[in-house]
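The values are calculated or read from the model by the stated rules, or taken from the named source; none is laboratory data. What you see is a predicted model; the values in this text were computed from it and never measured. Heads up, the Cβs are rebuilt from the backbone with ideal geometry, glycines too, and the neighbour counts pull from every protein chain shown. Please note that ligands, DNA and RNA were not included when accessible areas were found on the heavy atoms of the full protein model with its side chains. Shrake-Rupley method; radii C 1.70, N 1.55, O 1.52, S 1.80 Å.
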Amino acid sequence: SGSMSEIVDDGETNLDLAVAAAENAVTELRNKDYVGVVAFDDTYSWVVPITKAEDKDGIKEKIETIPEGGGTTIKPAIIANAPALIGDAI
């Protein structure tokens, strides 16, 4: 959302903190683990489609491309993307 541009700590924005948290989570994954990243505002998109966490640097680079956005409409993103977490997706 627009609030992600708000400066909160030592000149960092909310988005900077969220990106750092996501990157730290990726760092802790094993290569055989799976990861996927969906960005959302008033729409949503897969930043990192569900994949094995083998290329952690590449995954982090994609996370760093997430821009600040408009709204915070998470429900459609969850409903539309939940099927990717079950069945043949993994």
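A few points about this structure:
- Accessible surface comparison of L17, L29, L85, probe 1.4 Å, protein chains only, largest first: the order is L85, L17, L29.
- Note that the stretch 33-44 has calculated 3J(HN,Hα) couplings of 6, 10, 9, x, 10, 10, 9, 8, 9, 8, 9, 9 Hz, one per residue in order, obtained from phi through the Karplus relation 6.51 cos²θ - 1.76 cosθ + 1.60 (θ = phi - 60°); glycine and proline are x.
- Potential lengthening of the chain between D42 and V8 amounts to 9.9 nm, from the contour at 0.36 nm per residue minus the alpha-carbon distance.
- Pairwise label distance in nanometres, I79 with E23, each label 7 Å out on the Cα-Cβ vector: 3.5 nm
- Every helix of 4 or more DSSP H residues in the chain counts as -39500 (n - 2.57), and over all residues that averages to -10000 deg cm²/dmol at 222 nm.
- Per residue accessible area in Å² of the chain, where ligands, DNA and RNA are left out and the probe is 1.4 Å: 65 Å²
- Computed from the alpha carbon atoms alone, the convex hull of the stretch 8-56 holds 74 Å³ per residue.
- Degrees, to the nearest 10: 14-28 long Cα axis against longest axis of the chain: 30 degrees
- Taking the accessible area of the chain, probe 1.4 Å, and keeping the other protein chains in place, the carbon and sulfur fraction comes to 53%.
- For the stretch 7-90, the list of trypsin sites (Lys or Arg not before Pro) that fall in a loop by DSSP and count at most 11 other C-beta atoms within 10 angstrom reads R30, K32.
- Considering only alpha-carbon pairs that sit under 8 angstrom and 6 or more positions apart, the relative contact order computed for the stretch 16-90 is 30 percent.
- Loop chymotrypsin sites (Phe, Trp or Tyr not before Pro), the stretch 4-90 (other Cβ atoms within 10 Å of the site Cβ: 12 or fewer; DSSP): none
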